1. Under the √(5λ) rule applied to the eigenvalues of the Cα gyration tensor, what semi-axes describe the equivalent ellipsoid of the stretch 122-208? Give them in Å, descending.
2. For the chain, give me the percentage of DSSP beta bridges that are antiparallel, rounded to the nearest 5 percent.
3. What is the Cα radius of gyration of the stretch 200-274 over 2.2 N^0.38 Å, N being its residue count?
4. Positive end of the charge dipole of the chain (Lys, Arg +1 and Asp, Glu -1 on Cβ, about the Cα centre): tell me which of Gly278, Leu190, His165 has its Cα farthest that way.
5. Set the Förster distance to 41 Å, then compute FRET efficiency between Phe34 and Ala273 from the Cβ-Cβ distance, nearest 0.05.
6. In whole Å, what are the Cα extents of the stretch 99-158 along the three principal axes, biggest one first?
7. Please give, to one decimal in nm, the separation of the simple spin-label points placed at Ala238 and Glu124, each 7 Å out from Cα toward the Cβ.
8. Grab the Cα-Cα distance for Glu177 and Leu226, subtract it from 0.36 nm times how many residues apart they are, and report the gain in nm with one decimal.
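The values are calculated or read from the model by the stated rules, or taken from the named source; none is laboratory data. Please read these numbers as outputs of a predicted model, since none were measured by experiment. Reconstructed Cβ throughout: ideal geometry from the backbone, glycine too, with neighbour counts over all protein chains shown. The accessibility values were calculated without ligands, DNA or RNA, using every heavy atom of the protein model including side chains. Shrake-Rupley method; radii C 1.70, N 1.55, O 1.52, S 1.80 Å.
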Amino acid sequence: MLRHSPTSPLLSLPGAVPAEGRDEGVAAHYGDLFREQRALAGGTGFVDLSHRGVVTVTGDDRLGWLHLLLTQHVSDLPAGRATEALILTAHGHVEHAMYLVDDGETVWMHVEPGTQGDLLAYLESMKFFYRVETADRTEDFAVVHLPAGSIADVPEGVAVRQTPHGRDLFLPRGGLEAYAGAHGPAAGILAYEALRVEAHRPRLGFETDHRTIPHELGWIGSAVHLQKGCYRGQETVARVQNLGKPPRRLVFLHLDGSEVLLPPPGTPVRLAADGEEGRQLGFVTTSARHHELGPIALALVKRNVPVDAELMAGNTAAAQEVVVEP
């Protein structure tokens, strides 16, 4: 069951328009989507991600224990090094995606809004005799994203995930408004999502469905380590890796800019040559308006769709870029 995170106090900032759907609780934008995107792309401002779940793991066995459960190699993860990992079902389907860092005493992870309860329940069920403690810290900590190139300071004692895409701060929730006042301008989740789509980065619940496997989204390497020991779902990962045939693949779409509306998630993707009555070969997962590229999207299509084929997303023409090789 999804548990909604607290509504962000930054929705009281001038121009804030609340996001809807899975990102409910933070601002979609603050009045100027493209200005906010350009600020992030230029390394300034921040994004309020305080609707995301925050889970911590403490105890002497935390890294070795997580290593047994996750798709990523974390048994000797150095303090301060960010990584991401998945939890799979027994059949290898993606169930949870975690973005984590160890600060030397605690593993901090943020997850999709509302999924922290189910994740915590699973972790608790797997504790057995290990010296670990897990906790839902969503009520106490808010995730704030600083873009790559940002020189904004980080309060002392705050856990930080440093990645090529920027820094994720686990900020005490009570300090969110003060931090925003000192480190503006704020950018909404729509600006953040547009840059995510541009970077071809998948998101749980957006690019995934009940049968998604890691290979389809390019999570091999970034979230799945192929040389580590056993974990739930590893047999599927190994089989697909050896055969090299995931059933679907993630693609990036340049959409026809003459269309007023973006194709929503779930919009059928077909070959342009077949028209709107052609066989469905996939579907749009996320669409966005980019400050330079115009309308763009991510989509999942069947593996055998030609990489040079012109596509249609609903009634919108779409040129594809390969993200995952067929």
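1. Listed largest to smallest, the semi-axes of the stretch 122-208 are 27, 20, 12 Å.
2. Looking only at bridges with both residues in the chain, the antiparallel portion is about 95 percent.
3. It is 1.38.
4. Looking along the dipole axis, the top candidate is Gly278.
5. That gives a FRET efficiency of 0.75.
6. Taking the Cα atoms of the stretch 99-158, the three principal extents are 43, 26, 19 Å.
7. Distance between the two pseudo-spin positions: 3.3 nm.
8. Value of the extension gain: 13.5 nm.
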